[in-house]
Amino acid sequence: MKETMELSQWMGLIVPLVLLQLLLMIIALVLCVKAEETRGPKWMWALIIILGQLLGPIAFFLFGRRNQ
């Protein structure tokens, strides 16, 4: 018989991912606001960061920032 994961096991997996997502989102938004220039409008990057879940902030770090 196959065992199912208990709620505490699910929480042990989900909580770190949610915290990582929130941390990346906050850092990316702060960097976006402080940046003098971005590749594309800042409002667009803010939407991508917020709505893109975990991939939005990563996309901003890789493609949105201009090296100075």
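Annotation note: Cβ proximity below 8 Å between a residue of the range 12-39 that is within 14 Å of residue 56 (Cα to Cα) and polar (S, T, N, Q) and a residue that is outside any helix (DSSP H, G or I) and open to solvent by 70 Å² or more (accessible area, probe 1.4 Å) (sequence gap 6+ or interchain) occurs for 21/53. Summed over the range 1-60, residues that are under 18 Å from the mean Cα position of the chain (by Cα) and part of a helix (DSSP H, G or I) total 38.
The values are calculated or read from the model by the stated rules, or taken from the named source; none is laboratory data. These numbers come from a predicted model, not from an experiment. No Cβ is skipped: glycine too gets one built from the backbone with ideal geometry, and neighbour counts run over all protein chains shown. These area figures cover heavy atoms from the full protein model, side chains too; ligands, DNA and RNA do not enter into them. Shrake-Rupley method; radii C 1.70, N 1.55, O 1.52, S 1.80 Å.
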